[in-house]
Amino acid sequence: MLKTGTTITRRGLGAILAAGLLATGLAACGNSDTGSDGGDDGKIVLGFSQIGAESGWRTANTNSIKESAAAAGIELKFDDAQGKQENQIKAIRNFIQQKVDVIAFSPIKESGWDTVLKEAKDAKIPVILTDRAVDSADKSLYKSFLGSDFVKEGRLAGEWLVEQKKTATGPVNIVELQGTTGSAPAIDRKEGFATAIAANPNLKIVASQSGDFTRAGGKQVMEQFLKANPKIDVLFAHNDDMGLGALEAITAAGKVPGKDITIITIDAVKDGMQALADGKFNFIAECSPLLGDQLMDLVKKVKAGEEVPARVETQEGTFTQEQAKAALPTRKY
Ligand code: GZL
């Protein structure tokens, strides 16, 4: 930027004009250190592949990403994969073809991403993982992971149960509704919960099966659990939605949720918090879907070629029935 009062010689004017033309030329053909042409109006273009709309959490996550992109002035190309990994892979390939500036996605399961992520790397388009992780050994395939510590969520759920059942003298039978098979949250929450309850040998998981993070899946699998297990003391569901579906099966079986069967879930979306406040759930470990603002911050930094942390974890809490009653009026999701 020229300061006022600067004397410009003929040679100096020529140099300034040449620099201006060069800069304009670079801007017009996009940022040469990535494979992108950028947006028509110079906006950063973000390609985002979302898993689908399987749960209240996912809907809140999608809303957060769309709202934050608009607020950040980032052009969002959003794809809903309808719960299919092959659709996510197709979407990422389309983003590469469109030469977006940055690609972000929530991988429906941990494995099967190396080939398409290598294609993005070869195209010099940086990738950010949001919400869920991948099991790629090559950490250079993505710039950062933004999301929760799922093992901790499972551990917090288990630790609460250990405390609640510390005076139990006989077996406490637990049934577990797992999330989507092969997904990071399902694998990690299962691990965290199992590790925590090992502290009390009375606590036994007598049945564990995926309900795919959906209400319908939770209801269907809980019906099977109730038929096969005469004594169920606890339900641990990897998300609120499967717990909400299970409520229907438990009630239909003539049992009182929250009393006959202690129910522990993860997420803390509004419907889950309402069930907790109503005494139908007993404990929820929070998993925040509000990743939009942090994602857009990472997108801008990555586009600018700045270093970003390999892992950005969201801060979350836990809720008892009383805490849910207090928190509900101001819940954002
Ligand atoms: C967790 C997220 C999970 C939620 C479910 O970060 O991936 O997927 O816990 C959602 O509700 O379906």
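Worth a mention:
- Taking the range 209-311 and the helices (runs of 4 or more DSSP H) fully enclosed by it, the elements with 1 or more residues that are of a type in the set (S, T, N, Q) and either under 22 Å from E159 (Cα atoms) or touching a residue at least 60 places away in the same chain (Cβ under 8 Å) (or both) are at 292-303.
- Take the conditions (1) within 16 Å of the ligand (Cβ to nearest atom); (2) of a type in the set (A, V, I, L, M, F, W, C); (3) modelled with pLDDT under 95; A186 misses just one of them, which is (3).
- Among the residues listed as K66, K124, the single one being under 16 Å from the mean Cα position of the chain (by Cα), surrounded by fewer than 17 Cβ atoms within 10 Å (Cβ to Cβ) and assigned by TED's automatic domain parsing to the domain that holds K300: K66
- Scanning the range 158-181 for residues that are within 12 Å of the ligand (Cβ to nearest atom) and either surrounded by fewer than 18 Cβ atoms within 10 Å (Cβ to Cβ) or of a type in the set (A, V, I, L, M) (or both) yields a count of 1.
- Selection within the range 262-292 - within 12 Å of the ligand (Cβ to nearest atom) and of a type in the set (V, I, T): T265, I266, V269, I284
- Checking each residue in the range 299-333 for being farther than 15 Å from D278 by Cβ and of a type in the set (S, T, N, Q) picks out T314, Q315, T318, T330.
- All positions within the range 204-224 that are closer than 19 Å to V172 by Cβ and either within 16 Å of the ligand (Cβ to nearest atom) or buried (at least 23 other Cβ atoms within 10 Å of the Cβ) (or both): M222
The values are calculated or read from the model by the stated rules, or taken from the named source; none is laboratory data. Source: prediction; values computed, not measured. So basically every Cβ, Gly included, is an ideal-geometry build from the backbone, and we count neighbours across all protein chains shown.
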